[in-house]
Every structure is written in structure tokens, then in C-alpha cells.
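In what follows, a structure is listed as C-alpha cells, so that the remarks can point back to it.
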Amino acid sequence: LTASLSRSTADSLAEGVLAGDRAAAARSITWIENGETGADRLVKLLYPKSGRAHVVGVTGPPGVGKSTLLSALLAEARRRGQKVGALLVDPTSPYSGGALLGDRLRLSHDLENVFVRSLASRGRGGGLSDALWGARRVLDAMGLDTIFVETVGAGQADVDLARFADTVVVTLMPGLGDDIQALKAGILEIADILVVNKSDLPDGERTVAILKSFWRSAAAGRGWEGIVLPAAASLSRGVEALWEKILDHRSFLRKSGEGERRRRDQADEELMSYIRKEIGRAQPAARLAEHAEKLLRRESDPVSTARRLLSLGNNRNAKRKKR
Ligand SMILES: Nc1nc2c(ncn2[C@@H]2O[C@H](COP(=O)(O)OP(=O)(O)OP(=O)(O)O)[C@@H](O)[C@H]2O)c(=O)[nH]1
Ligand SMILES: [Mg+2]
């Protein structure tokens, strides 16, 4: 009974999402995050209807003004009649039952109809939220033109974002351009567009100049010369220019084939995220720990154990399917 109930709920949620219903979208994402029975079916139903939305990742060190910038970008996009939404991956604050981070993302009047959702970044050592792919498919199938994703720039999450977003906007602030070598090894490598926010503060121009002279974008050589833009998000300065650049990058992706290349990477990544999920289901952490114990006692080796665990997983799935 529970199974058929969740099946019909999944069907009606999917219907709601496809009709653009924001309540249905919010519920769907909660389902996906909590790994409810039926969430798999929901993703299966929505996936074929997705793929149209442009995904823009906004990342950068803590406190540079990413959320303020995002909020201004959402308002700008709305003014231009675009359907937009945002997913905030927030490793610094505890999961709040899906409530948006009201204090951080100051929602102006223009944003009343914009779908914004925070996701806890749990699992996978500092990487992006496991539920992020599913949440993206929900917003995508809802018919949004652009989906923004905010992450705090920190190691693994950056690498993951580069294989999630179509366009990566890295946000910095005055002074942060000084140690260009340190930045180069990390966050600058994934950027398509660099924004020096808080350019109302001293040294804004100097930081822009330093970055302009040293930084080459991730797609340099493929026809996209990265651009460095000053902005002051809290004063709504530089936001229009940034939105224009995002649109330019979108058309570059389309024309150059780079967009297709990125989508192929994303498909790989999305598949891997579900493979990891399936392995986790078939081999719960407790069982993995038992196997690790055996390895420590040298009763087995990791190569054979991994192979055995994976084929065990397959048999289980095969049995489940037959039932
Ligand atoms: N002077 C100045 N302050 C700004 C500007 N943009 C944002 N701020 C302020 O910077 C602080 C941090 O802004 P957020 O938008 O929360 O920054 P964030 O990067 O999203 O922060 P985390 O998500 O915690 O990493 C807030 O107090 C903002 O008001 C700006 O352009 N100029
Ligand atoms: Mg923020």
C-alpha cells in the first residue's frame, strides 16, 4: 500500500512540477533530500523533460557577497522577464528544514515569484549536496530559464561545481586578488567570469587590474576570454553588466560546442552520483565497516572485496527487479 501510495504521489508531484507549480517543486526537493520511497520514480519522470535550463554556479570565499549578488541577479533576470530560481548549498549553517536562508538572501519585492531553496551539503567530504542533481532536475523540468546555484568556495565543492554548472561565476572582493598564485591553484581555475564584489571598498580597482592581467578563464583557448567585472551587489552596481556577460557566455557555450562538452561531463557526473547512491543502498556503511575490519586483519584484499561487493549489489538489484 505504501509503495502504491508513494507511486501515485510521485506521479501527481511530477505533474505539478511540469505545470510549474512551486509548491509541488518544493515538496519534490524535500522528498529527494530525504530519500523518500518514490523520489526515484519522481526523478525518472522529470529527467526526460529536463535539460533546457542554463545552470549558473556562483561561488567564492565566505562573506564576499555571493548571496547579495545572487539576489540582485535574480531580480535583474526577473525584470527581463526570465523565469529563474536558485539553489543554495550552504555548508556553514545547519539544515533548516528547507526554509530559505532569509537573513542571508535578502529577498526584495521583485523576488516574490522566484523559487529559492537551500540544500544541506551532507555527505561526500565537502563536496556538493547529494540531492543537488535531483533538485536541479525539478527546477529544470519546471521550465525555468536559468537556475543559479550558490556554493561556498572550498576545495572539493569547487571541483564539483565545475562539473555541475554550465557557467561558473567566481566572486571575490578587494584585496583577494593580491595572492594570485594561491587563488590560481584553486578557485580561479573553474571560473568563466570573475566578479570583484564590494568594489565600493578601497582597492577595488587595483584588484580588478591585478586579476585582469593574470587570470585566464577555464575556457580560454576554446574561444572564451574570461572577463573580470567590478560590482557592488549591495548597491545594485555592476549587476546588469554581469547578467549580460552570463548571457554572452551562454551563447558562447551554444555556438562553440563547449556547452555540449560540459553537458557530457555533467551526464557522467550525474550518473556517478546515482551509482554512488546505489552502492550506498546495496552496501550500507555498517557492512562496509565490517569489510574494512577484514581488510585490517588481512583476511581479504581491497580488490577482491570491491569486486565481490559490486557483484553482490547487482544480484540484489536483479532479484528486486524480478519481484
Ligand atoms: N560594502 C559592501 N558590502 C557588501 C556588498 N555586497 C554584500 N555586502 C555585505 O557583505 C556581507 C556578506 O554578504 P553575503 O551576501 O551574505 O555574502 P556571502 O558570500 O553569500 O556569504 P557566505 O554565504 O556566508 O559565504 C553582508 O553584510 C553584505 O551586506 C557590496 O557590494 N559592498
Ligand atoms: Mg551566502
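Listed values, structure above:
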{"read-out": "Table column - 3J(HN,Hα) (Hz), region 218-232, Karplus curve with 6.51, -1.76, 1.60, x for Gly and Pro", "value": "4, 9, 4, x, 9, x, 10, 8, x, 10, 10, 10, x, 8, 9"}
{"read-out": "Amide H within-cut-off set for Glu150, under 5 Å, with H built and near neighbours excluded", "value": "Val58, Leu87, Leu88, Val89"}
{"read-out": "Potential lengthening between Asp145 and Glu240 on full extension [0.36 nm per residue; Cα-Cα distance subtracted]", "value": "32.5 nm"}
{"read-out": "Region 1-61 shape via C-alpha gyration tensor axes, a/c threshold 1.5", "value": "prolate"}
{"read-out": "Accessible-area value, Met173, 1.4 Å probe, nucleic acids and ligands omitted, Å²", "value": "50"}
{"read-out": "For region 160-260, the Rg and Dmax computed from alpha carbons only, in angstrom", "value": "13.3, 40"}
{"read-out": "Phi-based couplings in Hz for region 6-14 (Karplus 6.51, -1.76, 1.60; Gly and Pro marked x)", "value": "5, 5, 6, 5, 4, 4, 6, 5, 4"}
{"read-out": "Accessible area per residue, Å², region 196-309 with all protein chains present, probe 1.4 Å", "value": "61"}
{"read-out": "Burial order of peptide ranges 276-286, 158-168, 253-263, 196-206 (average beta-carbon count within 10 Å, highest first)", "value": "158-168, 196-206, 253-263, 276-286"}
{"read-out": "Pairwise FRET efficiency - Glu15 versus Arg287, Cβ, R0 = 41 Å, nearest 0.05", "value": "0.60"}
{"read-out": "Interchain or long-range residues, amide H under 5 Å from Ile227's placed H", "value": "Leu194"}
{"read-out": "Across Lys49/Lys83; Lys44/Lys83; Lys66/Lys198, pairs whose alpha-carbon gap is larger than 18 Å", "value": "Lys44/Lys83"}
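The values are calculated or read from the model by the stated rules, or taken from the named source; none is laboratory data. This one's a predicted model, so the numbers in the text were calculated from it and none came from an experiment. With ideal geometry, Cβ positions are generated from the backbone for all residues, glycine too; neighbour counts draw on all protein chains shown. Note: accessible area is taken over every heavy atom of the protein model, side chains too, but ligands, DNA and RNA are not part of it. Shrake-Rupley method; radii C 1.70, N 1.55, O 1.52, S 1.80 Å.
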